[in-house]
Structures are given as C-alpha cells and as structure tokens.
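Structure, as structure tokens:
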Amino acid sequence: MDLGGDVKGAGKGAKKPGRPARSSRGGTTKGAGKRAKKPRGQAQGSRSGKARGAAKRAARGTAKRGVRSSAKAAARGTTHGSAKAAAKRPQKAANRKAKAPVRKPARPRPERRQPRERGELEALILAGGRGERFWPLSRRGLPKQFLPLTGEKSLLAETWVRLRLRLAPEEIRVVAMEDLRARVLEELPGLPEQNFIGEPVGRNTAPAIAIAAALSWREKVNRLQLVVPADHWIGDAHAFWSTIDAACAVARAPDEPLVTLGIPITRPETGYGYIERGPGRIEAPGAYQVLDFREKPDRETATVYERSGRYFWNSGIFVWRLSAVLAEMALHMPNLHQWLREIVTVRGNPLRLVPQVFRLVEAQSIDYGLLEQSSRVVVVQAGFPWSDLGNWTSWGERRVRDAAGNATHGRVVALDATDCTMYAGEGMVAALGVHDLVVVQAGGITLIIPRERSQEVRRLLDELRMKKEWVEFL
C-alpha cells in the first residue's frame, strides 16, 4: 500500500485477497475517468470495508489449511518419521562421542605463593676457615665445615638447618672461599646464589662480617645481623634460638650494643678466649656489660678464670644492629670502613667489588679489630650445649667413650689403652698399652700426637708446606 495515492482496481475489488494493489507512477488508478469521483473519505471507507472482509476470509482459509497440514505432518512424524529420528538419535550421539578428540585432564595450576616479607633478623654464616687442626681428615679441598663430624650431615649443613628453623633462605648469607662456591651451593641447595659471598683470599672474620653488613645496608633497612660460625656443634637448636631471642632484645636497646654470646665455663680450657663480665643489663636475664676480653690463657690462669665466676668462654656468635656495627667500624677500623662506602654507593651489582675489597683490606679478626676496642659490647649467657670442635680432643669429648675412656670411630682395636681419641677413616687402627693419645688414619696419612698437644697440628702443616714433594698431603 502506497500511503500517497489511490488503490489499483478499487471499484472491482481485489482479485487476490490480502494482496496489495499496485500504484501508478502518476499517483492515480486506471479507469478513474469512467467513474465519478467520490469524496476522499467515502472512497477510503468503501475500500477498507471490502479489504477487511477479504482479509477475514483469507485468514479462515489459511487457518483451515494449516490445521490440516499440521495434522498430516504430525501423523506422518508419529507413525514413521519421528520413530526413525528417535532411533537414530542415540546412534548419532554415540558417533559424535566416538569422533570427538580425547581431551587430557587439565593440569592443576601451581598455587602462586606470595613473596615472604623479610623479617627484622638476618644471618651470616662464616664458612671461610680451613679447619687445619682436623688434619689429615680435613684437607685443602675438604675443610672441616664440610665434614660430618657430629652426625650424618656436615657441620655447615647442620648450621643451615638450625637457622632455617626461623629464617627463610633469602635471609641467610654465607661467606666462604671462592674456590668452595660450588661445594657450598651443593651443601645448601636452598641458598640463593647472590647470597654467597666469595673470598678470593682469606682475610679473617672482620672483613667478611663488614662486607656482608654493607651489602645488607644497601637495602635501606636497619636489620639485626646474627653472625654464626659454620663449624660449631650446638646440642639444642631450640635452646639456641631462645638465647638468640634474648640477644636480639638487648641489641634493640636504645644504645644499640654489640652483643656476643658467652658460654658458661666447665673446665680450665686453654684453647678458648675469655670474656669478663661487668654490670648486668635490664633487657634480658644473663646479659652483662663487657669489662674485658682475654686471650687464650695458660692452664693456671684458666683455672683462676673458672673459679672466679666472672668469665665466659667467647663463642664467636654475635648479634647487632647494622647501624651499630658499621658505626663502630668507622670509629675503630676506618681503613676497612672506607671500602664499605664503595660497596654501599656503587651503581649496579655490588658483588663485583667484593673480590677487590678482600684483596685490598688487611686481615683482621672481629674480636681484635673491633670488639676489644669498643665500649658498647654486651655479653649474653648462652643456654645451650656448645663446642667449637676446634681440634681432635674436642671432637673426642662429644663422642661416647668406652669403659677405658677411649673415644673411637671406625674399625679400632684398643688393648690396655686409656683416654685415647682414635679415628679410622679407612683400614684399621690398632693400639696397645698407650694412654692420652690422638691417633687418626685418613687419606693415606696417620697422625699420632698427645691429646694435650692436639692444637699444635698446624706445626706439622707448616713443615709440609716447606717441601714441594709433600704438598699433595695438605
């Protein structure tokens, strides 16, 4: 229908009901001149009435035909088509399943762990010693800290396990000789490689501790630094951490003291350094201001120290604020401290400076270079079993002795022998009628010395170094 003109053939009616008539291009219908024009409203009314009637008839016819067609289709589908389709549906579904590719079960996505926020405390393991007093078992390529002297694990691995009770791997650094890097990383598989500090040359404990403190200071966090040797025996890890908690409480004091752990004296020992205690501190029980450090005494002096009740053995375990130890180094070890500034301020990776610093600084122990010079040192009494395992005699003290007082390892035969320490690495050690001896057989070498002279093993190594043909035995 063209809403702008008249309908074609309106006077005769529409031949096909419901089909709209065509409009002429001129806007009028054919045969309009033969009939008189009716008023516009009347013509539209007439046409609309006829159109409505035709539409009703057409609708009735369509409905009847639709009903008949639907009924026929339903009958055919019910009796034949739908039955076939219903029969084919399960088969088609089975075919689709058979053709569908077999999908592997989705692999579970690993849970994303949030990075652990570093705590206030970090640790430094000093693993740079050679352990020469355990020769011939300890050698140049296998120092004491890599030996399983107290159990199945090496001393270094036991130290790592003890620290991991409270610290994450990222919170632990290790200082050792550069040529032992691979060995350290093998022993400590969780240690981040950037946390290994390699020494190209040995410079004792002060430079090692100072460089580790400077590397940590670059992170702009004033943490507490716990310093532990790699080769000590500690009999109770939980008691160890209780003592460290007390030492941390003291190190947090406003005056930021340098804290060292003191071991209660059990005998007049000539192989240890001693700490004389002063007034007590309020931060923790068993904490005292340090009056003096004493070098390894003779037996008579050691006996006086033991009886006085005012001395501890120096354990070599320390806790302090980074700011405190760096400030004391600036005061008492200025030559070393100037190199620490380079490490703190250098752009890029500071580890590239470490070998140069080790080569240029003076070898110095932290006790002699800093602690004995400082007035802010505090000692906290240790509450755990401890030994530095400094020689074969101290190793024997950790062993279960037989009825004659002999401490042995490996295949050992001892007749009429008393108070001896005997170690058979391979082969056999046989002893008859001897007393107070250390006998060690390892690596094709046999060592025999009096127990009271076990700390003098280094004299033998000095002798070996003087002869090239014996260097292989070092």
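The values are calculated or read from the model by the stated rules, or taken from the named source; none is laboratory data. All of these numbers come straight from a predicted model, not from anything done at the bench. Ideal geometry is used to build each Cβ from the backbone, glycine not excepted, and the neighbour counts take in all protein chains shown.
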Out of (1) in a helix (DSSP H, G or I); (2) loosely packed, with under 15 Cβ neighbours inside 10 Å, the one Pro285 does not meet is (1)
Counting only residues that are modelled with pLDDT of 95 or more and out of contact with any Ser or Thr (no Cβ under 7 Å at 6 or more places or on another chain), which one in region 108-134 is farthest from Lys220 (Cα to Cα)?
Ala127
Listed residues Asn195, Asn204; which is out of contact with any Pro (no Cβ under 8 Å at 6 or more places or on another chain) and surrounded by 14 or more Cβ atoms within 10 Å (Cβ to Cβ)?
Asn204
Residue by residue through region 279-320, note down the ones that are of a type in the set (Lys, Arg) and farther than 25 Å from Gln225 by Cα.
Lys296, Arg299, Arg307, Arg310
Looking for whichever is among the small types (Gly, Ala, Ser), surrounded by 15 or more Cβ atoms within 10 Å (Cβ to Cβ), at pLDDT 95 or above and not assigned by TED's automatic domain parsing to the domain that holds Arg140 here; the options are Ala404, Ala431, Ala442. Which one fits?
Ala431
